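Taken together, the values in this text are just the output of simple stated rules run on the coordinates, not laboratory data. Note that this is a predicted model, so its numbers are computed, not measured. For neighbour counting, all protein chains shown are included, and Cβ atoms are generated from backbone atoms with ideal geometry for every residue, glycine included.
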Amino acid sequence: MKIYVGNLPFTVDDNGLKELFASYGEIEEANVITDKFSGRSKGFGFVTLPDEGAKKAISEMNDKEVEGRNLKVNEAKPFDPDKPRKSFGPRRDFGRRERRF
């Protein structure tokens, strides 16, 4: 089962994430998501564990404090490209672009 781990300290890397969840079973994969330009952590990641260990990790690690930040841990939901993303309304150009009607 793949679990989502949010609100990670920016100092945690893949190995650190693996260490946080090592006591819950054999970790198949642990990835901290990073910005593709700067390489800096985005503050969340994913861990793949056996189902029993994942459920226990979710219940015990959710809201646990790590380096002054409370983790948000829950089951990862698969990405659905057809699902509309959150809309923040039309973009405003503030007169920088030529308007075409």
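Taking other C-beta atoms within 10 Å as the exposure proxy, VAL66, VAL47 rank VAL66, VAL47 from fewest upward. Mean sequence separation of contacting Cα pairs (under 8 Å, at least six apart), scaled by the length of the stretch 2-75, corresponds to a relative contact order of 42 percent.
Residues whose amide H falls under 5 Å from that of LYS42, counting only those 5 or more places apart or on a different chain, are ILE33, THR34, ASP35, with hydrogens built in the peptide plane.
Listed by chain and number, the lysines placed with their C-alpha closer than 18 angstrom to that of LYS18 are LYS2, LYS42, LYS55, LYS56, LYS64, LYS72; residues fewer than eight positions away on the same chain are left out. Of the GluC sites (Glu not before Pro) found in the stretch 12-92, the ones in coil according to DSSP and having at most 14 other Cβ atoms within 10 Å of their Cβ are GLU26, GLU28, GLU67. Annotation for the stretch 25-69: chymotrypsin sites (Phe, Trp or Tyr not before Pro) lying in DSSP loop with at most 16 further Cβ atoms inside 10 Å of their Cβ are PHE37. Residue-wise HN-Hα couplings along the stretch 19-31, as the Karplus relation 6.51 cos²θ - 1.76 cosθ + 1.60 with θ = phi - 60° gives them from phi, are 5, 4, 10, 4, 6, 9, x, 5, 8, 7, 7, 9, 10 Hz; Gly and Pro carry x. Its residue count N sets the reference 2.2 N^0.38 Å, and the alpha-carbon radius of gyration of the stretch 32-72 equals 1.39 times that reference.
Residues within the reach of a label modelled at GLU29 (point 7 angstrom out along Cα to beta-carbon, backbone nitrogen below 12 Å), restricted to the stretch 43-63, are 46-49. Taking max minus min of the alpha-carbon positions on each principal axis, the chain gives extents of 60, 29, 22 Å, largest first. With the simple spin-label model, which puts each label point 7 Å out from Cα in the Cβ direction, the SER59 to ASP13 separation comes to 3.4 nm. For the stretch 7-12, 3J(HN,Hα) computed residue by residue from phi via the Karplus equation (6.51, -1.76, 1.60; θ = phi - 60°) reads 6, 6, x, 5, 7, 7 Hz, glycine and proline entered as x.
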